[in-house]
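As structure tokens, the structure follows; a few thoughts come after it.
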Amino acid sequence: MKLLKRPIINVVNNHLIDYPTPINFNYWYNFGLLSAVCLGVQFLTGIFLAMHYTPHVDYAWVSVEHIMRDVNYGWLIRYMHANGASMFFIAVYVHLLRGLYYGSYKSPRGLVWGMGVLILVLMMATAFIGYVLPWGQMSFWGATVITNLFSAIPGFGVPLVEFLWGGFSVGNATLNRFFSLHYLLPFVLLGAVMLHIAALHQEGSSNPLGLHGKDIDKVDFYPYFYVKDLFGFICFTVFFSYFVFFDPNVLGHPDNYIAANPMVTPAHIVPEWYFLPFYAILRSIPDKLGGVVAMGLAIVSLALLPLLHTSNIRSSFFRPFHRYCFWIWVGNALVLGWIGGNPVEDPYITIGQIATVVYFAYIFVIIPGLGILERVLIENKLNRLNS
């Protein structure tokens, strides 16, 4: 038994207790742990919900109502799962923005960053599939609209859509497939998270100053930094609890509290809030295939940041102009989210197109161009000093 326990103890000790942590960590670095906590909440609540859910078009809506009304604490489990998805995305988005601000994607952490973007893609797929399961109006029509986007792919788009639907329209086969995938993908997501953490601990954590290796002083995670993570966990739990106990439906669309009806189309089809910026990019392109490509590129482009970063300086702490550009980009993303929740009409179309250009300009123009400019300015200043 000692031989079996020793490797487990070593893993826990190396990754949670004696893990070398940069001494200048701030509270923005808490959101990696909070993301893992949210994933755990989704796992546990999802398993209990699956025990009572019926993946059939005639019973899915009724089974959700059964969970809410008849299952002991079923309302709590469902509200924790539904709002937990939003909390998960909040934690991951803040975690991603922190990495972008401090240049955590720069070598040698390119693999860590790439795994993080893969986790984001898996999260989106899992969340979208899960949004269909309650079989409300927005669930049904959201599934119809979003899956139909694949038909824009030349050659095999239409057969792919029919495969996803399990027929020629969204129906019972679709719901069964989505339920199976929604139960399977979290385990794939968990594997990606474990690889992400392993890659991170292999290279070591980044820090606000952007220093690496021996250039930064480090201390053991326990007992020096667990208190900071514990404080962040308590604050996040209070924030999460507000939505679960006091305003559990505020983040959902009202139409999804109406049973699905294929004969009645909602006035305005809107996905969950965490998809809205990408949904706005999709709608900003007049061509269907172009919109799908732009939406996919908006996510994939994040994985290209280690290649697009040309500056010798990692952290925005020492890059004041990039700091301004970063916050403009964050504000622009919020504008895209606002546009995604509005009807497809002017002036929302024009604003969305401008915001889409700004989104891609920051990634493909500002980040590489500003890095090159900084290098030239630094070299010129060094030449003047040397002369």
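Counted as qualifying within the stretch 128-231 are the helices (runs of 4 or more DSSP H) with 1 or more residues that are β-branched (Val, Ile, Thr) and under 30 Å from ASN83 (Cβ atoms), namely 137-148, 172-203. For the stretch 55-74, the set of residues classified as surrounded by 15 or more Cβ atoms within 10 Å (Cβ to Cβ) and more than 19 Å from SER139 (Cβ to Cβ) consists of VAL71 only.
Being out of contact with any helix residue (DSSP H, G or I) (no Cβ under 8 Å at 6 or more places or on another chain), in the same structural domain as ILE47 (by TED's automatic domain parsing), more than 30 Å from GLY331 (Cα to Cα) and at pLDDT below 90 is a description that applies to PHE156.
When each of ILE354, ILE339, ILE328, ILE313 is tested for being touching an Asp or Glu at 6+ places or on another chain (Cβ under 9 Å) and hydrophobic (A, V, I, L, M, F, W, C), the lone residue that passes is ILE313. The condition of being modelled with pLDDT of 95 or more, at negative phi and surrounded by fewer than 18 Cβ atoms within 10 Å (Cβ to Cβ) holds for only one of ILE258, ILE328, that being ILE328.
For the stretch 21-73, filtering for residues that are among the aliphatic types (A, V, I, L, M) and in contact (Cβ under 8 Å) with a residue 24 or more places away in the chain leaves 12.
The values are calculated or read from the model by the stated rules, or taken from the named source; none is laboratory data. Because the structure is a prediction, the values reported are computed rather than measured. Reconstructed Cβ throughout: ideal geometry from the backbone, glycine too, with neighbour counts over all protein chains shown.
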